[in-house]
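Just so it is clear, none of the values below were taken in a lab; they were calculated from the coordinates. This structure is a prediction, so every number in the text was calculated from the model and none was measured. Backbone-built Cβ (ideal geometry, glycine too); neighbour counts: all protein chains shown.
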Amino acid sequence: MKLDDLFNRNSRRQQKEYEAFRESLKSSSISSPAETKALLNNLRIRTQIFVTLVVAIAIFISFFMPELKGISIVFTVLFL
């Protein structure tokens, strides 16, 4: 028995999340570790592109519209 999880709530939640993730992988016809690695690599690339675009838009707004600099920085931080 763990002192920080007396009633096993966290471990049960993690188990349910793992089972849901496993079922979603099965339903998307991913069956091998190589396919999973390719999926994660694709997700990583898309995330990098998204972050780059958001930062580029914030820099563009800050450079061409200095009066909106504070607002664009706040929304960029909140968006990421």
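A straight chain from N41 to E19 at 0.36 nm per residue would run longer than the Cα-Cα distance by 5.7 nm. Cross-link partners of K37 among aspartates and glutamates, defined as those whose alpha carbon lies under 20 angstrom from its own and excluding same-chain residues fewer than eight positions apart: E17, E19, E23.
Taking a ≥ b ≥ c as the square roots of the Cα gyration tensor eigenvalues, the range 9-51 comes out oblate, since a/c reaches at least 1.5 and a/b does not exceed b/c. Rounded to the nearest 20, the Cβ-based charge dipole of the chain about its Cα centre (Lys and Arg +1, Asp and Glu -1) stands at 200 debye. At a Förster distance of 30 Å, what's the computed FRET efficiency of K26 paired with K69, Cβ-Cβ distance as r, to 0.05? Once rounded, the FRET efficiency stands at 0.05. Computed from the Kirkwood radius of its Cα pairs, the Stokes-Einstein diffusion coefficient for the chain at 20 °C and 1.002 mPa s stands at 130 µm²/s. In the chain, the longest principal axis of the Cα atoms and the axis of helix 69-79 are about 10 degrees apart.
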